[in-house]
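Here is the structure we will look at.
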Amino acid sequence: METLTDEKIKELKLTANNIRKSIIEMLYEAGSGHTGGALGMADIFTLLYFHTLKHDPKNPLWANRDRLILSNGHICPVLYATMAEAGYFPKEELKTLRKFGTRLQGHPHREYMPWLETSSGPLGEGFSQAVGMAIVEKIYGETKNIYAILSDGEHDEGNTWEAIMLAGKEKLSKLIVIVDRNHIQISGNTERVMPLGNLKEKYKTFGWNTFEVNGHDFWEVNNAIYLAHRNKISPSVIIANTIPGKGVKEWENDYHWHGKAPNKEEAEMALGELDGRL
Amino acid sequence: MLNQNLKLNTKIFNDSVEKVSTRQGFGEGLLKVGGDDENIVALCADLTESTKTNLFAEKFPERFIQVGVAEQNLASTASGMAAMGKIPFITSYGIFNPGRNWEQIRTTICYNNQPVKIIGSHAGLSVGADGGSHQALEDIAITRVIPNMVVISPCDAIEAKKATIACAFTKDPTYIRLARNNTPIITTEDTPFEIGKAQIVFVPEIGLAHVGIIATGPILYKAIMSARELEKKGIKVKVMNLSTVKPLDENAVIALAKETKAIVTVEDHQIAGGMGSAVAEYLSQNYIVPIEFVGVHDKFGQSGTPEELEKHYGLDIPNIIEKVEKVIKRKV
């Protein structure tokens, strides 16, 4: 991972802003979906698709591509918007989100959109799938990197801890997990619904290489990924503190935006705010 | 008499018939395909010896993943390995795999359409002494209801070995249902096997059959023994081995129904949702005949010998015979 120049960071910020606008437009068109988490992860998805990943949008099934697994599939608007921005499919298609016949299903489904690595949504499972991919990289001596995006609420699932244990046991150094630590889940604050406490320490006790970063600071996240790659003996987790709804002041840190889409007025207000940042 | 075309085990009617568990057949099949193709991998949730996955694990330790007692992770990790081009076999008891991890199987294996092979051992009442908590009686129902899934319930160790080898080279998510106990060898190495193909294993000496018995799993042996008893009473019976429950061999089932006009299904499983239900769903829409079901009727199992349990829950030979006589009375 080459270090980021100031110029590159500026470029990434512009791209992330465009992706946020796409997210709001598509969710408004769809009339339902998950806004908060999608906006909160826009910076990390931008960094991954426009700097980190070895991938080729013109050859999406290139065998040696890095794999990015979105475990908490409900934030897929950010995945779709980023993929469109990167050139996997036309941005116009984003408006079909959640509509009958769309390739952009309400939760990702690779039967409809084959450029996705997995069909996902039910929590905890994408993590296990990423672990399986990293096991293959290990036992067959391959060199692809496996990135998994998880939510923090997803750590309520027993399945998640099963995956954490297995990855630690197998010392899956090709696996890098990024946890969207935004402190919200559908019923409210994560620490009230089911306290997660210090996730970084918890991972550490299971044999992971751990980082905690500001998920909106491109340099910090990139540096953690760089250091994660240098570790050849254990899986890495990056606890990324993010602000749900990031980019639209009124929505930030409000759990009500976890699972709803903006109406016309709300969308216009948000788009205006994002335009003002350009 | 046995269908001569299938080259079945001619010693099946001897008291000294050889008995081997279907899980043993699986273990040998996995070992065989493991040697044939280095893309075969196996994952187990701590029950390595009980599921006979140890045969593979000892020979190919680098391709064996021990995930611990964690069946949900077992299923989804295998999905990820399959996405990278591998052919994973995941093994545990049927009650946990596909029981405990059903939603992981639905989403990460079948919804993702990955060729993971799900091996559930210790299915059915025949587990015996372990008791009801460990007797999987619902596994056929919960697997056959998932799109993309193939469901196989082999009748003996030889067929289990063949099914294991055959499924390794298909693209389909597949469930293979296995039993713990040693059960009679019904087929031979020369008996043909194809996923999705039913076989008539027992036929009348002459003429058409009065009743068709359709069985799946090792209980096929009891269906054959029942047919032999019924033959002595002058009731002509054909017995079908429906080892692939899904996809259903519709042509074979309807042919048997058209010939006999009466069907009895036999399985070591709940009647609700099982193989008999699959047969009934098809026949009720395509060729209506009276059907009687031998299976467990909405009850959990309990401790006991397999024989005691089969008698108690109505899965033994006298009960199969009774159901055959009953279905004949219902013929129009």
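None of the figures in this text is laboratory data; all of them are computed from the coordinates on show. These numbers come from a predicted model, not from an experiment. A quick note on method: Cβ atoms are made from the backbone with ideal geometry, for glycine too, and the neighbour counts reach across all protein chains shown.
Evaluate peptide B:63-76: per residue, the Cβ atoms of other protein chains within 10 Å of its Cβ; return the mean as an integer. Mean partner-chain Cβ count within 10 Å for B:63-76: 6. In this calculation the C-beta distance from B:Lys232 to B:Ala129 is compared with R0 = 51 Å, giving a FRET efficiency of 0.90. As a proxy for reagent exposure, ranking A:Met194, A:Met165 by other Cβ atoms within 10 Å from fewest up yields A:Met194, A:Met165. Charge tally for A:Ile135 (other residues, Cβ to Cβ under 14 Å; Lys, Arg +1; Asp, Glu -1): +3.
A Gaussian network model of chain B, with springs between Cα atoms under 10 Å, assigns the largest mean-square fluctuation among B:Lys11, B:Lys222, B:Lys52 to B:Lys11. Shielding by partners for peptide A:160-169, expressed as the average number of C-beta atoms from other protein chains within 10 Å of each residue's C-beta, is 4. Using only the alpha-carbon atoms, how far is helix A:125-139 inclined from the longest principal axis of chain A? Give it as 0 to 90 degrees, nearest 10. The helix A:125-139 is inclined about 40 degrees to chain A. With the helix formula -39500 (n - 2.57) applied to DSSP H stretches of n ≥ 4, chain B reaches a computed 222 nm mean residue ellipticity of -10000 deg cm²/dmol. Annotation: extensible slack from B:Asp36 through B:Glu18 equals 3.7 nm (criterion: 0.36 nm per residue apart, minus Cα-Cα distance). Taken as Cα centroids, the range B:107-167 and the range A:156-234 sit 35 Å apart, rounded to the nearest whole angstrom. Peptide packing for B:158-164, B:18-24 was compared via the average number of neighbouring C-beta atoms within 10 Å per residue; ordered from the highest value, the list is B:158-164, B:18-24. Considering only beta bridges that DSSP places wholly inside the protein assembly as shown, some 15 percent are antiparallel. Gaussian network model of chain B, Cα springs within a sub-10 Å range: biggest mean-square fluctuation belongs to which of B:Asp139, B:Asp316, B:Asp37? Its mean-square fluctuation being the largest, the pick is B:Asp37.
Amide H contacts of B:Val294 (H built 1.01 Å from N, in plane; Pro and chain starts excluded): B:Thr265, B:Val266, B:Glu267 sit under 5 Å, all sequence-distant by 5 or more or on other chains. In this structure, A:Leu61 and A:Lys91 have a Cβ-Cβ separation that, at R0 = 30 Å, corresponds to a calculated FRET efficiency of about 0.90. For trypsin sites (Lys or Arg not before Pro), the sites in the range A:85-167 that DSSP calls loop and that have at most 15 other Cβ atoms within 10 Å are A:Lys99. In chain A, the calculated helix contribution to ellipticity at 222 nm averages -12500 deg cm²/dmol per residue, counting -39,500 (n - 2.57) for every DSSP H run with n ≥ 4.
Between the amide H of B:Lys246 and those of B:Val151, distances stay under 5 Å, these residues lying 5 or more places away or on another chain, with hydrogens modeled in the peptide plane.
Within 10 Å of the Cβ of each residue in A:113-126, the mean number of Cβ atoms contributed by other protein chains is 4. For B:Ser303, project a label point 7 Å along Cα to C-beta. Then give me every residue of the range B:115-141 with its amide nitrogen under 13 Å of that point. Residues B:128-134 qualify, since their backbone N sits under 13 Å from the label point. Each label point was placed 7 Å from the Cα along the Cα-to-Cβ direction; for A:Arg277 and A:Glu265 their separation is 2.4 nm.
Annotation for the range B:229-255 versus the range A:15-42: alpha-carbon center distance of 57 Å.
Residues of the range A:1-41 with an amide N closer than 12 Å to a point placed 7 Å from the Cα of A:Asp254 along the Cα-to-Cβ direction: A:36.
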